Every structure is written in C-alpha cells, then in structure tokens.
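Trainee: Following this message is one structure expressed as structure tokens.
A short reminder: the numbers here are calculations on the coordinates, not readings from a lab. Quick caveat: nothing in here was measured; it's all calculated off a predicted structure. Heads up, the Cβs are rebuilt from the backbone with ideal geometry, glycines too, and the neighbour counts pull from every protein chain shown.
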Amino acid sequence: MTHIVTEACISCKYTSCVEVCPVACFFEGPNMLVIDPDMCIDCGVCVGECPAGAIVTDDTEEGQKWLGLNREFSKIWPNIQFQKNPLPKADEYAKESDKYSRFFEAGG
Ligand code: F3S
C-alpha cells in the first residue's frame, strides 16, 4: 500500500505534508503535489497535515484513480521537502470538488 495525493490538492498546495514526510517522497508540479508510490513507506503522518484532505491510501477508489498520475509525475517534477506559502486562492479552491480539469492550469 502507498499514499496518494488526489485532486483536492489542485490549486491549493498547502505543502504542510512535505515537512512531516520521513522519506521525502513528495514532488511539486505547477498546481499540485504528488507522491512517488515507490518511495512512500506508508507511515501516514502526512494525511492529517493536509488542510484539504487531499492524501488518501491507494486501497481507496480515489487513491486508485490518482495512483497512475502520482507515479507518472513524481518521475518528472522536482522533489519538495520544505513548506512554502500555499497558492493564493488555496482556501477558496479547498472547498471545490471535481478539480481535475484544473490540473492542466498553471499555478496561482
Ligand atoms: Fe497538497 Fe495538502 Fe500537501 S493541499 S501540498 S497534499 S498539504
């Protein structure tokens, strides 16, 4: 099992998750983060750190849906280990569901 970042992260990027990860398995794209499923040791400490509730296990429907995208983009995007400011409208977008179409938008 592994943990997966899902669409709730899109346009938010609170990044509090990265500070607690003991194996630095988060990678940063323009408007969301992903986890490298092969690096994740499944400790689960990041789950409670995300204000958007974006991190789930891969044995859930949502986790399965986002597993491939996490795997693919963790090979491309840079590693992130330190918290930074969330995207400007994070609190607004945290309330929005069905954000997949925003995945292709630039950050901000
Ligand atoms: Fe995203 Fe939540 Fe981390 S919004 S950057 S998964 S704290």
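Trainee: Taking θ as phi - 60°, what are the ³J(HN,Hα) couplings along the range 14-20 by the Karplus curve (6.51, -1.76, 1.60), each to the nearest whole Hz, with x for Gly and Pro?
Mentor: So the J values, rounded to whole Hz, are 5, 6, 5, 4, 5, 5, 9.
Trainee: Another question about this same structure. If we count every other residue with Cβ under 14 angstrom of Tyr93's Cβ, Lys/Arg +1 and Asp/Glu -1, where does the sum land?
Mentor: -1
Trainee: Report the far tail of the P(r) of the chain, meaning the percent of Cα-Cα pairs longer than 18 Å. Provide the component values of the computation, followed by the final result.
Mentor: Working: 2237 of 5778 pairs.
For the chain, the fraction of Cα-Cα distances above 18 Å is 39 percent.
Trainee: OK, next. In square nanometres and to one decimal, what's the mean projected area of the convex hull around the Cα atoms of the range 34-86?
Mentor: Working: hull surface 16.4 nm².
Dividing the Cα hull surface by four gives the mean projection, 4.1 nm².
Trainee: Within a Cβ distance under 15 Å of Gln64, other residues only, what is the Lys/Arg minus Asp/Glu net charge?
Mentor: On the way: positive: Lys65, Arg71; negative: Glu7, Asp58, Asp59, Glu61, Glu62, Glu72.
After counting each charged neighbour, the total is -4.
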